[in-house]
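Since the structure comes first, as structure tokens, the remarks are kept for the end.
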Amino acid sequence: MEKILMKNKVYDSSQSGRVFADTFRAFWDHRQLIALLVRRDITVRYKRSFLGLLWTLLNPLLTSLVLWFVFITIFRGKLPDGTQFAPYVLAGVLLITFFTQGFNQAADSIAQGSGILMKIYLPPQVFALSGVLSNALNFVFGLFALTFVSLLTGDGVSYLFILSIFPILFMLMYVTGLGLLVSIAYIRYDDTRSVFAILISFMMYLSPIFYPKEILSGKVLMIVNANPLTSFLDVFRFVFLNTGSASWGDWAYMSSFSVTTLFLGIKLFARAWPRTVVMM
Amino acid sequence: MAANSGDDVTEAAIEITDASVSYMIRHGASPTLKETVIQAFKGKSQDVEIRALQNISIKLYPGEVLAVVGRNGAGKSTLLKLMARVLPPTHGRVVVRGSVSPMIELGAGFNGELTGLENIILYGTLLGRTPKQMRDRANEITNWAGMNDFISLPLRTFSSGMIARLAFAIATDAVSDLILIDEVLSVGDAEFQEKSKLKMKELISNNSAAVLVTHDLKAVKDMAHKALWIDGGRAVKYGDVDSVVDAYLNA
């Protein structure tokens, strides 16, 4: 009979690990599992609906269409020079979908998997990361639709589009960190989901998804600018559609906020997880 | 008795030294986030310490089978979590040398939308093997579980008995240095139970250490060398299987 081998052969509970190194090593050691979990997410989503994978695209497309239809007369002309409203909205909706669904799935995947995670030694962070990764993949599918819409409206795609990898990477970190921070609450408290649904919708409305930042002023503009999602949106639209502008401040804010959130999430999760396991 | 017990030439597969697990719960803790936040601001909550395990010591060599007996809530699950490396002890030390196969809540990682084959690959990978190994072993596993015709169908079309058999077949397809068994001997019909007991014995005979948690005291006497009786998180008796089981029965 085949024997399962252990990478680090001896486990000693008295040797406290280095949280960050251990987490990143766990990601690397379980890369095959992560790939399987991502594939499972995509397959399950695809099998569940009649339209299959197209549905995941249709959803943001329809949302954007509605927003476009409702707001086009109000916001046309308020956008920065030469920006078309349709790709502007779609870019916003795609990125926010990545954010909200990635966040939900990261937090949820640990809660859903807690049955197995509390019995079998598997780093739960792996589940969170794979939940976010499958949404990152959906986002990349969405970029094809965005390219199509942008070409249709005559805006085209920026030659800098390859730099979109940065907002994607930082969103990956940001969402994984947030998911880890919240996952423990998902397991322990029944009402977490509804509380966070409200918080998330605050964040959404306070970021320029379907309205141009140019219509804002005063305190509201300050709040919107303090929202990290605003920096993500500015940077992504600038590098992919070459519209609007992204300052170095946006880049710095986006990257530092994401990295900090990820490290905070990893740190606090590692501390809270054993306390949660012991109660279950 | 296993050949290795007693002499220290071989290192123990698992060594638990004076381990305790305790945790605080908030008195009258609420299961909602809103109330918890409000409570935190009021700041008038009393913490109660729960001692799930106290001063447990175990040493198990390759080839040895330890049975853990005790009533529900005695701390058996917490002890298994310590051994599965899921939970670190609050005090004391746990050392595990090698790989661990926890045969606990079999099939917890299954997904109804995926096919039987996809589930074999995913579940096996969750248990520490590679997708390639699982693809190579898929035929053997389905044969053993007796479900060749169904393997390309979604798992939700399987009966619960079939799912349990498949989970057992996957979990027992490879052997680890330490095997943790929690009430999995009662899966399926009488014929399958017999078959799975034999499979368990085969697994254990591979010079692995095994920990058996079950209420089936006949199986305990049949398979185990040592036994630990715990109650209220404390070890009541630890030693050779007959004396511990007899003491447990007479209690």
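Rule-based calculations on the coordinates, nothing more; no lab input. Since this is a predicted model, take the numbers as computed values, not measurements. Ideal geometry is used to build each Cβ from the backbone, glycine not excepted, and the neighbour counts take in all protein chains shown.
Here are a few things to note about the model shown:
- Relative frequency of Cα-Cα separations exceeding 14 Å in the stretch B:80-130, percent: 60 percent
- Cα centroid of the stretch B:73-118 to Cα centroid of the stretch A:1-33, whole Å: 15 Å
- Cα-based shape type of chain B, given that a ≥ b ≥ c are square roots of the gyration tensor eigenvalues and the cut on a/c is 1.5: oblate
- Translational diffusion of the protein assembly as shown was estimated from the Stokes-Einstein equation, with Rh taken as the Kirkwood radius over Cα pairs; at 20 °C and 1.002 mPa s the coefficient is 83 µm²/s.
- Debye-formula intensities of the stretch B:10-80, expressed as log10 I(q)/I(0) at q = 0.18 Å⁻¹, are -0.81 (one equal scatterer per alpha-carbon, no solvent).
- Rounded tilt (10° steps) of A:192-205 against the dominant C-alpha axis of chain A: 30 degrees
- For the stretch A:1-108, chymotrypsin sites (Phe, Trp or Tyr not before Pro) meeting the loop criterion (DSSP other than H, G, I, E, B) and having at most 15 other Cβ atoms within 10 Å: A:PHE50.
- With both labels modelled 7 Å from their Cα along Cα-to-Cβ, the A:VAL19 to A:PHE148 distance reads 4.4 nm.
- Links that overshoot a 25 Å alpha carbon limit, given the list B:LYS195/B:LYS221; B:LYS199/B:LYS237; A:LYS213/A:LYS267; A:LYS3/A:LYS47; A:LYS219/A:LYS267: B:LYS199/B:LYS237; A:LYS213/A:LYS267; A:LYS3/A:LYS47; A:LYS219/A:LYS267
- The spacing between the stretch A:50-83 and the stretch A:96-119, judged by their C-alpha centroids, is 28 Å.
- DSSP bridge pairs, the protein assembly as shown: antiparallel proportion in percent, nearest 5: 55 percent
- Percent of Cα-Cα distances greater than 22 Å, calculated over the stretch B:109-238: 41 percent
- The dipole here belongs to the protein assembly as shown: it is taken about the Cα centre, uses +1 on the Cβ of Lys and Arg and -1 on the Cβ of Asp and Glu, and is about 940 debye.
- Alpha carbon convex hull of the stretch A:138-280, volume per residue in cubic angstrom: 130 Å³
- With the convex hull of the Cα atoms taken as the outline of the stretch A:71-217, the averaged projected area works out to 10.3 nm².
- Of all aspartates and glutamates in the structure, the ones whose alpha carbon falls short of 12 Å from that of B:LYS81, not counting any fewer than 8 places away in one chain, are B:ASP182.
- Computed over the Cα atoms of the stretch B:182-251, the ratio of the radius of gyration to the Kirkwood radius (Rg/Rh) comes to 1.00.
- For the stretch A:84-160, the share of alpha carbon pairs falling in successive 5 Å distance bins from zero is 3, 16, 20, 16, 12, 10, 8, 6, 4, 3, 1, 0 percent.
- Kirkwood-Stokes translational diffusion coefficient of the stretch A:29-104, alpha-carbon pairs, 4 °C, 1.567 mPa s, µm²/s: 89 µm²/s
- A simple charge model with +1 on the Cβ of Lys and Arg, -1 on the Cβ of Asp and Glu and nothing else charged puts the dipole of chain B at about 800 debye relative to its Cα centre.
- Efficiency of FRET from Cβ geometry, B:GLU194 and A:MET222, R₀ 51 Å, rounded to 0.05: 0.10
- Max mean-square fluctuation residue, GNM over chain B, Cα-Cα springs under 10 Å, options B:LYS81, B:LYS197, B:LYS34: B:LYS34
- Scattering curve values for chain A, log₁₀ I(q)/I(0), Debye with Cα scatterers, q = 0.07, 0.09, 0.15 Å⁻¹: -0.29, -0.46, -1.16
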